[in-house]
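Here is the structure we will look at, set down as structure tokens.
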Amino acid sequence: MTVMSVPILSFLIYFPLLGAVILLFANRRNAQFIKVFTLVISLIEFAVSIPLFFKFDDAAKTMQFVEKADWFPEWGISYFLGIDGISLLLVLLTTFLTVICVLCSWKAIEDKVKEYYITFLFLETAMIGTLCALDLVLFYVFWELMLIPMYLLIGVWGGPRRIYAAIKFFLFTMAGSVLMLVAILTLYFFYYNSTGVYTFNVLELYKASVPIAKQYWLFGAFALSFAIKVPMFPVHTWLPDAHTEAPTAGSVILAGVLLKMGTYGFIRFAIPLFPAAAIDAIPLMSILAVIGIVYGAIVSMMQPDLKRLIAFSSVSHLGYVMLGIFAFNMQGVQGGIYQMLNHGISTGGLFLIVGMIYERRHTRMISDFGGLSKVMPIFATFFMIITLSSVALPGTNGFVGEFLILMGAFKNNVVYGTLATTGVILGAVYMLWMFQRVMFGVVTKEENRNLKDLGGREILILTCMVFFIILMGVYPKMFFKKMDTSVTEYLAFVKQKSAQARVLEGNTVPAKMAREVANTNMTR
Amino acid sequence: MISASEFGWIMPEIMLAGWGLLLLIIGGLTRGPVASKTCGVLSVIGSVCAMYFTVNLWGGNQEVFNQLYTIDNFGTFFKGLFIAILILVSVVSLRYADREEIGSGEYYALLMFGVLGMMVMTSSHHFVTIFIGLEVMSLSIYVLCGLLRGNLSSVEAALKYFLLGAFATAFLLYGMAMIYGSTGLMDVADLKKFFLTKQPFSATMFVIGLGFLIVGFGFKIASVPFHMWTPDVYQGAPTSITAYMATGVKAAAFGALIRVFFTAFVPFQFGWSEIIWVLAVLTMCIGNITALVQRDIKRMLAYSSIAHAGYILVAFITGDRTLASSMLYYLMAYSFMNIGAFTVVIVLQKKGDNNSDLDSYAGLGARHPFIALCMSIFLLSLAGVPPLAGFMGKFYVFSTAVKAQYYWLAIIGFLNSVVAAYYYLRVMMYMYFRDTIGEPGTADKAPGYGLVMLICIWALLHMGIFPKTFLLIAQKAVGIFS
């Protein structure tokens, strides 16, 4: 048996589920055992996922670690898993953040501990499944499956308005995804009518030449579903509520992984399946992304609640990702993907920080703090580093991502690039202002005078985060190397395919695009 | 000529009829809790035997009794489904009927006669046999609804169902008569041949007849605007009977409807599909939107069952005969999730007290984690969340619509399932997110309930994750139309 034939992705998907099933039978009074057990499961999961990174063949243009089995062949539904350079990094991010989340829930969750960790492991299964699935039905199954544990996490362990937030989250995402399902089915029957084969295999469906008019509808349905998840302006309104009410670990995983499912969905499904429509949608998507960047930043500035502030900053950051993806050039897309990882680390880190301070003070209002840096020096250091990474200081991961995205955006369209750049300034304003109000100055509140500084577990968690912030900031090549081939392939495919669609329809290919297609073909 | 060998083909029906009579006699001779238990156990044994005979019929294809009765895979599929429902309801009743003191011989005998009627209804393409089956089924259920004699709402349910049901049956019969009047035929298979030779056929009387058929069947499947009886009857009837009605009657009516329309009336699909398009959209929307504001779980499930009829109608509209299997699959999934959900309702009831207000579910997750988990699975399946059977069912039904290019219908259907998710999740929200309100009643724990819930969960997971076996069975069943 060669290494490649070990079903490593299936293992990654079902191992947490197995852990959750075992936990079902655990004694609920033995909370310590449940925590340690979950931690061990998530650590094993993380350890198993690391070899993916090193065994991954950078140069290969196809999907790797592929597993394929018939599920329901009469309908063309298969159990088809595989990852490329784009999903590889997200899978790693997921397994990493799960470990962090288990650790950070250690003391924060005291109620219904058993159910909490079961839900969490279940969520991990669904997330990794979504990232690895290459069959549309399989993808949809995992995609919907993610909703239930997240709904429970917010609704059971959340803050005071948790019920409202949980239901809003569920209904928003579900409304988007059912439209996607109609689009999936339409595409499926279209493919059948033109080729006589029933398949939900994405790689096969990429080859379908959908008429442009139809592409608009289908892309619209997919894009709406993913845009809600991202979330893009104006369908972002569920996010601040969900983030604010979710428990710390829920926020971390929501920001770190769940939002990325939206942007990932664009790269894996919406754009390559309907490239011509996607390219025509550049102005719309870019404008919405820019609005998201600026609007998110401005609204953030005015938030009195720390968590809400970070939630709106997510809208802004994800706007960058979308702008990069819709720049359709190497820098933009790579920057977008990189920013997806960055956002997972930095914003995840910020949520951890807020969670830690909340555990001590049971408030998240900025006005309740002030001068904490003198009381909690270690905390202040970590907080500073993570804040700087969020505002994209050179040397941190955020800089690399944002810089590439802006470069890509400028190459594509100077106006979008310029507008987006204002977001960088605004970002620095709201983050640093927040930091100043919370950490500097004199201690104004008596309660804050005797706050305990970070303990060992907390230092460990934040050190892991800071490690990646620095690593990704100073040595990005390590990560870019993994996605170079995939992104090149992806871009070439999208451009060629959309040009082809236009030629088929008798439309003229814009001269600029024709040049680009020729260029990419030559470089290949 | 009727030969003795023809009786071999109707062994399940003979079994149920004979066994029902036997139970009636036993019930007449003895009374009390012991008799109730005995009848219950006997009824389970009898239905398992009937299941055995039904399974043996699979693959058989035979016209018996001068073409008045048909044995084919389509009928056998439905027979199997009805008997499965009968077994599950009987097992639930072992305890429930005993608790409510309705579990005499008649109760189980009527359950069997009801299923007998359903089986007759779906196994014939002759109007008269279909009608007789419908009446046998309906009369049994009218009585069953009113079995809680001391309970006003139960009596109300019975009377309401009887009056409206009789009215609807009259419509159905009138429709059949009109079709007979305009064509001279009572047999759907003959009608099919008739239309093949007489294309295009149009007569006012025939069109009216067709409309009346839709009204008659529409009543039994509880589609809007013939649904007004559903919430009251479902709420008032003994809960085991509600489960039985919500699944069995609906499946039987759909079985007969599909057989009649897909055999004979496909040439007129453009005519009736437009009517049913409107019915389906109304059924989905009104069912779901009204369910949103219900605070009583039984009533909510009643409205949700209306909405589910709408989903099935979506596939019906397309008239796609090879994909009619989607409706069969959906009915199967629907039966298991509803019986499961009603079983949970039964478990949480007390004698003489419906106890199905939403508030009594608050904090259930903490009090009875297992029951809450089961209920969550049933609700999520009803909401159509993968990987449960409800998702696969919806996926299949709506893919039929997309294939036939009814895009708007599919979109309306899917959006409706989002609306539906809200009220299903609300129950989950009460169970897990809220603290117990007031003095909670104890759960009525009995092994029978647990068994039924586990069977339903197993079926939902199996049908959802490995749908292949079930889909192939459903596809074989609709093979008769191609």
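Bear in mind these aren't lab numbers, they're just calculated from the coordinates by the rules spelled out. Source: prediction; values computed, not measured. Please note: Cβ atoms are built from the backbone with ideal geometry, for glycine as well, and neighbour counts cover all protein chains shown.
One table, with the values for the structure above:
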{"quantity": "Compactness relative to 2.2 N^0.38 Å, alpha carbon Rg of segment A:81-236", "calculated": "1.20"}
{"quantity": "Cα-centred dipole magnitude for segment B:4-479, charges only on beta-carbon of K, R (+1) and D, E (-1), debye, nearest 20", "calculated": "540 debye"}
{"quantity": "Percent of Cα-Cα distances greater than 20 Å, calculated over segment B:331-482", "calculated": "54 percent"}
{"quantity": "Loop sites in segment B:354-404: trypsin sites (Lys or Arg not before Pro), DSSP, at most 13 other Cβ within 10 Å", "calculated": "none"}
{"quantity": "For the protein assembly as shown: span of alpha carbons on each principal axis (Å, largest first)", "calculated": "95, 71, 54"}
{"quantity": "Among A:460, A:304, A:419 the positive-end extreme of the charge dipole of segment A:282-475 (Cβ point charges)", "calculated": "A:304"}
{"quantity": "Unit charges on C-beta of K, R, D, E only; dipole of the protein assembly as shown, Debye", "calculated": "1420 debye"}
{"quantity": "Centroid-to-centroid separation of segment B:24-103 and segment B:144-185 [C-alpha atoms, Å]", "calculated": "23 Å"}
{"quantity": "Which listed pairs, of A:107/A:452; A:35/A:55; A:68/A:214; B:250/B:468; B:160/B:394, have C-alpha distances above 20 Å, in listed order", "calculated": "A:35/A:55; A:68/A:214; B:250/B:468; B:160/B:394"}
{"quantity": "Projected-area mean, segment B:4-479, by convex hull of Cα positions, square nanometres", "calculated": "20.7 nm²"}
{"quantity": "Potential extension, residue A:44-residue A:214 segment - 0.36 nm per residue separation minus Cα distance", "calculated": "56.7 nm"}
{"quantity": "Helix A:477-504 axis, angle to chain A major axis (alpha carbon atoms, nearest 10°)", "calculated": "40 degrees"}
{"quantity": "Set of segment A:291-331 residues, backbone N closer than 19 Å to the point 7 Å along the Cα-Cβ line of residue A:451", "calculated": "A:303-311"}
{"quantity": "Separation in nanometres of the label points that stand 7 Å from Cα toward Cβ, at residue A:106 and residue B:156", "calculated": "6.0 nm"}
{"quantity": "Förster radius 41 Å - calculated FRET efficiency between residue A:359 and residue B:321, Cβ distance, rounded to 0.05", "calculated": "0.05"}
{"quantity": "Farthest toward positive dipole pole in the protein assembly as shown [+1 Lys/Arg, -1 Asp/Glu at C-beta], among A:334, B:14, A:52", "calculated": "A:334"}
{"quantity": "Mean separation of Cα contacts under 8 Å (6+ apart) over length of segment A:282-475, as relative contact order %", "calculated": "29 percent"}
{"quantity": "Acute angle (nearest 10 degrees) that the helix B:127-145 long axis makes with the longest principal axis of chain B, alpha-carbon atoms", "calculated": "10 degrees"}
{"quantity": "Rounded to 10°, Cα long-axis angle of helix B:204-220 versus longest principal axis of chain B", "calculated": "20 degrees"}
{"quantity": "Dipole of chain A, positive end: most advanced residue of A:478, A:203, A:269 [Cβ charges, Cα centre]", "calculated": "A:478"}
{"quantity": "With 10 Å bins from 0: P(r) over chain A, alpha-carbon pairs, percent", "calculated": "4, 19, 31, 27, 13, 4, 1, 0"}
{"quantity": "Segment A:282-475 - Rg over Rh from alpha carbon coordinates, Kirkwood radius", "calculated": "1.01"}
{"quantity": "Kirkwood Rh in Å, taken over segment B:286-356 so that all alpha-carbon pairs contribute", "calculated": "13.5 Å"}
{"quantity": "Student exercise, segment B:391-482 dipole from Lys, Arg, Asp, Glu Cβ charges, in Debye to nearest 20", "calculated": "400 debye"}
{"quantity": "Debye intensity ratio in log₁₀ form over the Cα atoms of segment B:242-342, taken at each q of 0.17 Å⁻¹", "calculated": "-0.77"}
{"quantity": "Residue order, fewest to most surrounding Cβ atoms within 10 angstrom, among B:219, A:467", "calculated": "A:467, B:219"}
{"quantity": "Ratio of Rg to Rh over segment A:333-411 (Cα coordinates, Kirkwood Rh, two decimals)", "calculated": "1.09"}
